[in-house]
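Beneath this line is the structure, given in structure tokens, with notes to follow.
The values are calculated or read from the model by the stated rules, or taken from the named source; none is laboratory data. Predicted, not measured: the structure shown is a model, and the values here were computed from it. As a convention, Cβ positions derive from the backbone with ideal geometry for all residues, glycine included, and neighbour counts pool all protein chains shown.
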Amino acid sequence: MHTPEITASAAGTWTLGDLPVHRLGFGGMRLTGSAAFDLGTPSDRDRSIRVLRRAVELGVNHIDTAAFYFSPTRSANELINRALAPYADDLVIATKVGPMRDAAGGWLDLARPDQLRGQVEENLRQLGRDHLDLVNLRVHGLDSISEHFGAMAELRDAGLVRHLGLSNVRAEHLAQARAIAPVVCVQNRYGHDRRNGDVILRACEEQGIAFVPFFAVTGDGREAGGVLPDDRIDTVARDRGVSAAQVRIAWTLSRGPHMLAIPGTGNPDHLDENVAAGALRLTAEELAFLE
């Protein structure tokens with residue numbers, strides 16, 4: 001008997017502004033190597049393109065990327081453009097601005113408000129778009145983001161950006177931004193092993209804002225990849241006959257209907273496994289055990 005293929009639709013849907021997406025998406029950071037900031041072995045270009053096309057075949061319609069996701073020989077945006085353009089009407093590509101890198105990959109200071117337009121235009125060029133569906137302002141070291149977010153709101157008013165989000169922010173940053181323009185998502189570090197973002201997660205749920213965690217699968221492994229060992233995660237995975245990564249994805253999605261998972265991979269087998277996790281429903285007993 002043929003078992004129907006599990007697609008991203010199994011995770012359910014959420015609407016980013018006016019853009020419906022499946023709650024199981026794809027993170028583009030690892031397309032360029034073991035991590036976006038890897039200056040060592042480059043990824044296999046053809047395999048990365050196959051992964052992207054396979055993701056769309058499996059119903060993924062929310063892809064997260066950034067112009068600063070690059071290695072010496074690979075750019076995530078360029079790979080997405082090569083693999084998926086012309087883009088499907090229902091495909092939502094979210095990108096980020098704020099951090100800056102030089103041509104050699106070194107990190108520079110956070111972009112000034114007047115530099116954000118140039119970053120948006122760089123994403124437009126690399127992706128081959130005339131507007132960006134969603135841009136997250138990623139910040140660090142700022143008490144107030146009002147000036148930066150005000151510059152983003154101007155780009156939205158100019159038609160370069162459709163919807164705005166935030167990344168790496170605190171609850172007070174969300175309030176500052178919402179006083180200027182609508183915020184459709186918050187992208188922060190969050191996972192089973194790192195739950196210090198519960199306050200802003202709850203604020204997003206109360207305000208109907210999507211929460212998009214990063215490093216939800218790798219945990220403290222961060223850019224290095226892999227799945228952080230955890231006895232309780234491993235126990236549930238073994239009992240259910242699934243992988244630890246699938247349990248972490250299912251746990252993420254269980255935290256609320258506004259949670260959007262964006263596990264990233266450059267491995268086609270891992271992609272199928274990650275998408276299938278959207279159909280995994282943890283029981284109340286399992287969730288209590290994981291707590």
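Some points to look at:
- Selected residue (criterion: modelled with the lowest pLDDT) from residues of the stretch 223-244 that are assigned to a loop (DSSP other than H, G, I, E, B) and exposed (fewer than 15 other Cβ atoms within 10 Å of the Cβ): Gly226
- Annotation for the stretch 74-83: at least one member residue is in a strand (DSSP E or B) and within 24 Å of Arg30 (Cβ to Cβ).
- Of everything in the stretch 51-72 that is farther than 25 Å from Ala11 by Cα and free of Cβ contacts under 8 Å to residues at least 40 places away in the same chain, the residue that is nearest to the chain's Cα centre (by Cα) is Phe68.
- In the stretch 257-291, residue nearest to the chain's Cα centre (by Cα) [restricted to those that are modelled with pLDDT of 95 or more, surrounded by fewer than 17 Cβ atoms within 10 Å (Cβ to Cβ) and not in a helix (DSSP H, G or I)]: Pro257
- When residues of the stretch 186-207 are limited to those that are modelled with pLDDT of 90 or more and touching a Ser or Thr at 6+ places or on another chain (Cβ under 9 Å), the one nearest to Gly150 (Cα to Cα): Val186
- Residues satisfying the criterion are absent from the stretch 53-68 (criterion: more than 23 Å from Gly266 (Cα to Cα) and surrounded by fewer than 16 Cβ atoms within 10 Å (Cβ to Cβ)).
Let's see how each residue does on (1) in contact with an Asp or Glu (Cβ under 8 Å, 6 or more places away or on another chain); (2) surrounded by 17 or more Cβ atoms within 10 Å (Cβ to Cβ):
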| residue | (1), (2) |
| --- | --- |
| Val97 | no, yes |
| Arg101 | no, no |
| Arg125 | no, no |
| Leu137 | no, yes |
| Leu155 | no, yes |
| His163 | yes, yes |
| Val169 | no, yes |
| Ile200 | no, yes |
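- Criterion: in contact with a His (Cβ under 8 Å, 6 or more places away or on another chain) and at pLDDT 95 or above - qualifying residue of Leu132, Leu127, Leu137, Leu79: Leu137
- Restricting attention to the stretch 122-141, the residues that are out of contact with any helix residue (DSSP H, G or I) (no Cβ under 7 Å at 6 or more places or on another chain) and closer than 18 Å to Arg112 by Cα total 5.
- Checklist (1) at pLDDT below 95; (2) outside any helix (DSSP H, G or I); (3) not polar (S, T, N, Q) applied to Asp220, failing item: (2)
- Test result for Val247, buried (at least 17 other Cβ atoms within 10 Å of the Cβ), at pLDDT 95 or above and within 27 Å of Cys204 (Cα to Cα): yes
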